[in-house]
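Note sheet for the following structure.
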Amino acid sequence: MMTGIKKLEQFLELGGTKKEIAFLILSGIALLISIFKPFPLPVDAAWVAIILCGVPILLEAFIGLVTAFDIKADVLVSLALIASVSIGEDFAAGEVAFIMQLGALLEDLTVAKARAGIEKLVHLTPHTARVLTGAGEEILPAEQVKVGDRLRVLPGETVPVDGVILSGQTSVNQAVMTGESLPVDKQTGDEVFSGTVNQFGAFEMEATKVGEDSSLQRMIRLVQSADAGKAKIVGLADRWATWIVVIALTAAALTWIITGEIIRAVTILVVFCPCALVLATPTAIMAAIGNATRHGFLVREGDALERLATVKKVAFDKTGTLTYGRPQVVAVKSWSDRYSSGEVYEFTAAAEQFSEHPLGKAVVSCYQNETGKALTLALDFRMIPGRGVSATVDGKRLLAGNEALFWEQGVALPKDPQIEQFLSQGSTLIYVAIDGEAAGYLALSDTVRESSEGLIQSLSQSGVEAVLLTGDSENAARYIGNQLHIREVHAHCLPENKLQYIDRFQKEGSNICMIGDGINDAPALKMATVGIAMGGVGSDIAVEAADIALVNDDIKELPHLVSLSKRMMTTIHWNLIFSMGLNFLAITLAIAGVLNPVIGALVHNAGSVAVIINSALLLRWKKKEQKR
């Protein structure tokens, strides 16, 4: 018995969209012949539609009942088909089967279009890699690359794994990962990601993340887990469908007993099929997921959008979320009459060029980006752990570091009221001495994303309050909070502190969305009503803990996602109301004898098509102010 069922399941999986379209075309032609009868046939042409479109429905219903006693729409449709054929209404049976399969095809096309943007990632997985060995270059399957392997990537090739450029300069098209339309310039030390395309120059790289750990594979796992079937409200629709089957059978039986007209009972079975009800939710969810994908969000679970629609607060991590998470030189000041601030900057960058400290690297990067000048070679470079660096630049002895370094070297720092101002803003200072005398300082600070202020304002206008939860200092947190007009700010937050705040908000009745990028955000992302991880700069652990990943790290689209979730719920509610209302209206007319099976099938299945079309409108939905 089970072997036979397995064979039936395999039969149902054969073909695909092309086969369904071919069957629908043949069935449509057969139904037209059945209506107009241009030439005599031994049997009604509608039987072509019954066999091509109806048999798959009967098989699905049979398999569902036998394997899991799963009573859903196809059970009632099967009963309607059998009942219509038994009373000689072959055209009605063929029409029901045809329109049911047409509705199913439209649903499949809607879902396919909704997910097309993210499923392209699956086809972008690199197949081979050029691995450099002692014997030369060897082309291996990409899955065989190991962490630490040295690879070569030629122009036009896809980067096989995540890694760091060791030599060479190029431009890389990162649209698949970040959505950026323009290529990004890359040089030694820059990161490159699997699935991105090398545009111009050849380069050599060291593999840092391979196989399932690579960025592309991580995104593919998000695609594979984006399943609308997980949404709670879908389960509700399924439960309704089961009860509707019971009610329909009861109504049909009572109508037949009371009126004695079996055609009315058959019409009730035809119009009571809960197809529109079952389609109402998953089509809306998948269309909304497709819309979110176009705006840079990968939704892991359908019910994440359902939950997002109830959110009253959004908690942000600071570093890497509202800010870029990279220190930038925001000010340079000279205390010396002999050296300008530009010269202090130039000497400091030259002294830091061999530094491995993030602040030293930031100084060098900022100087080169701002001036485009080559650095003077630093001699006698020495790293002083916990203090700073010393080096000889252009014959001058430089010290660059913190107050402790100057105190230990016997260099006095002049009093400067601006220092306190920078410190109160959360900036970090690098003091500079030239030939034993204090020459000035550089102020470095994490910079706010250009989109952050508009984002907070848009959320506030939507009735969603922003909260800042950061492990940074009080001064830095307050400064960013004031800059972005965030009233509730919590600094010095360890992972357990963020959990406590999330728990408190939820106990107070405020569903909250957490947005973060680091490992320390993972617990809060998991506990929050909805967790959104910065997928580009965020850690793997944060992304895995979140419900939604923001691929291009551009948080300005968050208000759109919140509005989209609310619009999705509105669409679902209207779909449910419309489908239930249409069903009960059609049933009333069927009981009264106004509708026959043929017209009943048209009315009922037109409702299913209307629901799918209404859901499909979410694919390109935007708020009116966004369109303007």
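The slack between Ala135 and His485, meaning 0.36 nm per residue of separation minus the straight C-alpha distance, is 120.0 nm. Rounded to whole Hz and in sequence order, give me ³J(HN,Hα) for region 77-87 from the Karplus expression 6.51 cos²θ - 1.76 cosθ + 1.60, θ = phi - 60°, writing x for Gly and Pro. Whole-Hz 3J(HN,Hα) from phi for region 77-87: 4, 4, 4, 5, 4, 5, 5, 5, 5, 5, 9. Legend: P(r) of region 304-367 from all alpha carbon pair distances, 10 Å bins from 0, whole percents, reading 18, 31, 21, 12, 11, 6, 1.
The listed peptides 416-425, 150-159, ordered by packing as a protection proxy, come out as 150-159, 416-425 (highest mean of other Cβ atoms within 10 Å first).
Using a Förster distance of 35 angstrom, determine the FRET efficiency expected from the C-beta separation of Leu379 and Gln457, and round it to 0.05.
After rounding, the FRET efficiency stands at 0.10.
Using θ = phi - 60° in the Karplus curve 6.51 cos²θ - 1.76 cosθ + 1.60, the 3J(HN,Hα) couplings for region 352-367 round to 8, 4, 9, 6, 9, 6, x, 5, x, 5, 5, 4, 4, 4, 5, 4 Hz; x is entered for Gly and Pro. Restriction of the trypsin sites (Lys or Arg not before Pro) in region 315-355 to DSSP coil positions whose beta-carbon has at most 15 other beta-carbons within 10 angstrom yields Arg338. Going from the fewest other Cβ atoms within 10 Å to the most, the residues Leu58, Leu444 appear in the order Leu58, Leu444. Listed cross-link partners Lys415/Lys498; Lys361/Lys498; Lys498/Lys566; Lys556/Lys624; Lys312/Lys498 are compared with a 28 Å cut-off, the Cα-Cα value being larger for Lys415/Lys498; Lys361/Lys498. In region 128-217, Cα pairs under 8 Å separated by at least six residues give a relative contact order of 35 percent.
Bear in mind that the values in this text are calculations on the coordinates, not laboratory data. All values reported here derive from a predicted model rather than from experimental measurement. As a convention, Cβ positions derive from the backbone with ideal geometry for all residues, glycine included, and neighbour counts pool all protein chains shown.
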